[in-house]
1. Cα extents of the range 37-188 along the three principal axes, largest first, in whole Å?
2. May I ask you to list the lysines whose Cα is less than 24 Å away from that of K167, ignoring any residue fewer than eight positions away on the same chain?
3. Defining a contact as two alpha carbons under 8 Å apart and six or more residues distant in sequence, what relative contact order in percent does the chain show?
4. When each pair of different Cα atoms in the range 70-119 is counted once in the 1/r mean, what is the Kirkwood radius in angstroms, to one decimal?
5. Helix-only mean residue ellipticity at 222 nm, the chain, DSSP H runs n ≥ 4 weighted -39,500 (n - 2.57), per residue, nearest 500. What is it?
6. Direction-averaged shadow area of the convex hull around the Cα atoms of the chain, nm²?
7. If you line up the Cα atoms of the range 219-283 on their principal axes, what length do they span on each, largest first, in Å?
8. Name the residue from L30, A202, L81 whose Cα lies farthest towards the positive end of the charge dipole of the range 7-208, charges +1 on Cβ of Lys and Arg and -1 on Cβ of Asp and Glu.
Amino acid sequence: MANLGIPQNTIAVLQKYNFNFQKKFGQNFLIDTNVLNKIIAAAQITKEDCVLEIGPGIGTMTQYLAESAGAVVAVEIDRALIPVLQDTLSEYDNVTVINDDILRLDINRIVQEKNAGSPIKVVANLPYYITTPIIMGLFESHVPLKSITVMVQKEVADRMQVGPGRKDYGALSLAVQYYAKPKIVANVPPNCFIPRPNVGSAVICLTRYEEPPVGVKDEQRLFSIIRAAFNQRRKTLVNALVNAQNLSFSKEQIVQALSQMELSATVRGEALTLEQFAELSNRL
Ligand code: SAM
């Protein structure tokens, strides 16, 4: 099968199958061999790796992954793409295509079956409408992972990487940085896709920490505090936490914990680092 990273080859496949793009599935297919090579290089794929690809589309990146990885599992929600994938990936015997919704699939079971429970790599040009639930789902359900290398909307990549004091700093930044070291490896303009998305894109590589960079007694409590702090961004941290329905700290407890950390009672959540959120969570 011809290299689908070359635009004419993608167009030929789309015509052959009379394929209709489904906007609701966030379908923007990559048509740029340089970008594809960059993704494979950033993910440092070797024959030792088992790779989970989310949303293979017509199999463009899957071809590149199949060439470099030991095994590839590709999960695609759109049933209309399954016969296309059978065709475009017919010459690879190391690819398994699963027709399912990635948000409903038991990924831990797949890792158990396909890689004996050893850490996998996730590589994808993600459907942008579900970027956060996909990434948070992988981390929070503790899927054994080496890294996640994904194409996302440029603003979302920035949000994953920033620290306090920036307006896009928030719960996603803190969650990603608790689990992994983020690095943007490429900015990708709309003309690298068919059809063109109306936002800029970036490839970000999240390398999973073996141990989180901060020590917390209760992970769930840390994330409840972080979510509450940013749900009501414009309030002081004290008010945001007192108002949070799933937390039951008194105003005095929170003010005291902040004062022990030499933070003002009027500080906002967006000023705290991950270390400070962890310390606050432990003190509370
Ligand atoms: N990997 C292909 C490429 O780079 O050309 C396609 C990427 S396209 C941005 C996203 C793909 O994810 C589409 O094929 C879409 O059908 C699929 N998709 C959307 N939602 C999904 C879900 N919940 N589970 C699995 N796949 C999904």
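The values are calculated or read from the model by the stated rules, or taken from the named source; none is laboratory data. Quick caveat, the model's predicted, so the values are computed rather than measured. In this analysis, Cβ positions are derived from the backbone assuming ideal geometry, glycine residues included, and neighbour counts consider all displayed protein chains. To get the accessible areas, we keep the full protein, side chains included, count just its heavy atoms, and leave off ligands, DNA and RNA. Shrake-Rupley method; radii C 1.70, N 1.55, O 1.52, S 1.80 Å.
1. 50, 31, 28
2. K154, K181, K183, K235
3. Values: 485 pairs, mean separation 41.7, N = 284.
Result for the chain is 15 percent.
4. 11.8 Å
5. Details: 12 runs with 112 residues, N = 284.
The per-residue figure over the chain is -11500 deg cm²/dmol.
6. Details: hull surface 60.2 nm².
Orientation-averaged projected area of the Cα hull: 15.1 nm².
7. Principal-axis extents of the range 219-283 (Cα, largest first): 25, 23, 20 Å.
8. It is A202, whose Cα lies furthest towards the positive end.
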